[in-house]
1. Please specify each residue of the range 100-115 satisfying the condition of being open to solvent by 60 Å² or more (accessible area, probe 1.4 Å) and closer than 20 Å to GLY25 by Cβ.
2. Given the criterion under 22 Å from ALA133 (Cα atoms) and in contact with a Leu (Cβ under 6 Å, 6 or more places away or on another chain), identify the matching residue among VAL64, VAL107.
3. Tell me whether the range 19-31 contains one or more residues that are basic (Lys, Arg) and touching a residue at least 12 places away in the same chain (Cβ under 8 Å).
4. Out of contact with any Ser or Thr (no Cβ under 6 Å at 6 or more places or on another chain), in contact (Cβ under 8 Å) with a residue 40 or more places away in the chain and not in a loop (DSSP other than H, G, I, E, B): which single residue out of VAL131, VAL83, VAL40 fits that description?
5. Quick one: is VAL83 in contact with a Leu (Cβ under 7 Å, 6 or more places away or on another chain) and open to solvent by less than 60 Å² (accessible area, probe 1.4 Å)?
6. Read through the list (1) modelled with pLDDT of 95 or more; (2) part of a helix (DSSP H, G or I); (3) buried (at least 17 other Cβ atoms within 10 Å of the Cβ), then give the number of the only condition that ALA62 fails.
7. Of everything in the range 95-111, what is touching a residue at least 24 places away in the same chain (Cβ under 8 Å) and not in a helix (DSSP H, G or I)? Give them in sequence order.
8. Filter the range 112-128 for residues that are in a loop (DSSP other than H, G, I, E, B) and either touching a strand residue (DSSP E or B) at 6+ places or on another chain (Cβ under 9 Å) or on the phi > 0 side of the Ramachandran plot (or both) and give the result.
Amino acid sequence: AADEAATPPRGQGQTILVVDDEPSGRLVLRATLERAGYQVLPASNGREAIDVYKAQPQGSVAAVLIDMMMPVMGGLPAMHELVKINPGVRIIAASGIPDNEASAKAVGNQVRDFLVKPFSTEKLLRALGQVLAS
């Protein structure tokens, strides 16, 4: 039982939109999430994330993991747009700046969690598991 409690939850094929301007960050997140049983849609900025999100069948993206600081369109304006598209969207915001949590949470209850970079695989998978269960 202790081993089960220590094991982060795994995905069951849910689609996660991963938005990060760092190619290496997207690559690591994609590999991590795919190994954990998720499907991943990558985007390199907020504008691209909105386009990718809109291109998916409604309700097919289980959650959005989005960096707060990006060129072209940052995480905050992108989160506002995603909420307009789907008021039920589930968002996990991430930033290397802990003070960005308040801004992210001000978007609304769609922002279900905030991860401070760098974060561990375990922390990511636990946050994602909790968000998807809510």
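1. So the first thing to find is which residues in the range 100-115 are open to solvent by 60 Å² or more (accessible area, probe 1.4 Å), and the list is 101-102, 105-106, 109, 112.
Within the range 100-115, just GLU101 meets the criteria.
2. Details: VAL107 fails: in contact with a Leu (Cβ under 6 Å, 6 or more places away or on another chain).
None of the other options fit; the residue is VAL64.
3. Step one: list which residues in the range 19-31 are basic (Lys, Arg), which gives 26, 30.
Still in the list and also touching a residue at least 12 places away in the same chain (Cβ under 8 Å): 26, 30.
Taking every residue of the range 19-31 in turn, at least one turns out to be basic (Lys, Arg) and touching a residue at least 12 places away in the same chain (Cβ under 8 Å).
4. Details: VAL83 fails: in contact (Cβ under 8 Å) with a residue 40 or more places away in the chain; VAL40 fails: in contact (Cβ under 8 Å) with a residue 40 or more places away in the chain.
Matching residue, one of VAL131, VAL83, VAL40: VAL131.
5. Numbers: in contact with a Leu (Cβ under 7 Å, 6 or more places away or on another chain): no; open to solvent by less than 60 Å² (accessible area, probe 1.4 Å): yes.
Spelling it out, it is not the case that VAL83 is in contact with a Leu (Cβ under 7 Å, 6 or more places away or on another chain) and open to solvent by less than 60 Å² (accessible area, probe 1.4 Å).
6. It is condition (2) that ALA62 fails.
7. Applying the first criterion (touching a residue at least 24 places away in the same chain (Cβ under 8 Å)) to the range 95-111 yields 95-97, 100, 103-104, 107-108, 110-111.
Result: SER95, GLY96, ILE97, VAL107, GLY108, GLN110, VAL111.
8. Going residue by residue through the range 112-128, those that are in a loop (DSSP other than H, G, I, E, B) are 117-120.
Correct list: LYS117, PHE119.
The values are calculated or read from the model by the stated rules, or taken from the named source; none is laboratory data. Note that the structure is a prediction, hence the values are computed from the model and not measured. Virtual Cβ from ideal backbone geometry, glycine too; neighbours counted across all protein chains shown. Note: accessible area is taken over every heavy atom of the protein model, side chains too, but ligands, DNA and RNA are not part of it. Shrake-Rupley method; radii C 1.70, N 1.55, O 1.52, S 1.80 Å.
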